[in-house]
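Quick notes on the structure that follows.
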Amino acid sequence: VQLVESGGGLVQAGGSLRLSCAASGRTFSGDVMGWFRQAPGKEREFVAAITRTTSTYYADSVKGRFTISRNNAKNTVYLQMNSLKPEDTAVYYCAADTLRVMITTDPALYDYWGQGTQVTVSS
């Protein structure tokens, strides 16, 4: 089972990026999928998550700027990031919670993780 993130890169403040998380080895269409990020010297933090019924939840720091979505036919989750700020710089991780139907923001409760993709926002 693999989650593979892509779409990270270097962007100027105010710009946009779209991250993708492609799953293989099992279907995650019935699971909560989340995005987390970790900046150097900081703990991994919740960014956004989406349920199988496409209910979503966002961290206050990204609300109104980021949008999470999913395409179950492609077994893929996306994170559209607009109006990026330098403080959004981090490694972004995709994760799956296969045990709960409601969204949790605790990274310890997600049981599948991708390898991460770097997002760097320059000022």
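Suppose a student asked you for the relative contact order of the chain, using Cα pairs under 8 Å spaced at least 6 residues apart; what percent would you report?
On the way: 307 pairs, mean separation 45.0, N = 123.
Computed over the chain, the figure is 37 percent.
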Of Leu99, Leu17, Leu84, the one that fluctuates the most in a GNM where the chain has Cα springs shorter than 10 Å: Leu99
From phi via Karplus (6.51, -1.76, 1.60), per-residue ³J(HN,Hα) for the range 62-78 in Hz, x at Gly/Pro: 10, 4, x, 10, 10, 9, 9, 8, 9, 10, 5, 5, 9, 6, 9, 10, 10
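Using Cα pairs closer than 8 Å and at least 6 residues apart in sequence, work out the relative contact order for the range 1-46, in percent. Could you put the intermediate results ahead of the total?
Values: 41 pairs, mean separation 14.4, N = 46.
For the range 1-46, the relative contact order is 31 percent.
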Principal axis box of the range 1-64, alpha-carbon based, largest edge first, Å: 35, 25, 22
Send over a whole-number figure in Å² for the accessible area per residue of the chain, probe 1.4 Å. 50 Å²
Three principal axis extents, largest first, for the C-alpha atoms of the chain, in Å? 39, 25, 24
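The values are calculated or read from the model by the stated rules, or taken from the named source; none is laboratory data. None of the values given here were measured: they were computed from a predicted structure. We work out accessible area using only protein heavy atoms, side chains counted, and drop any ligands, DNA or RNA first. Shrake-Rupley method; radii C 1.70, N 1.55, O 1.52, S 1.80 Å.
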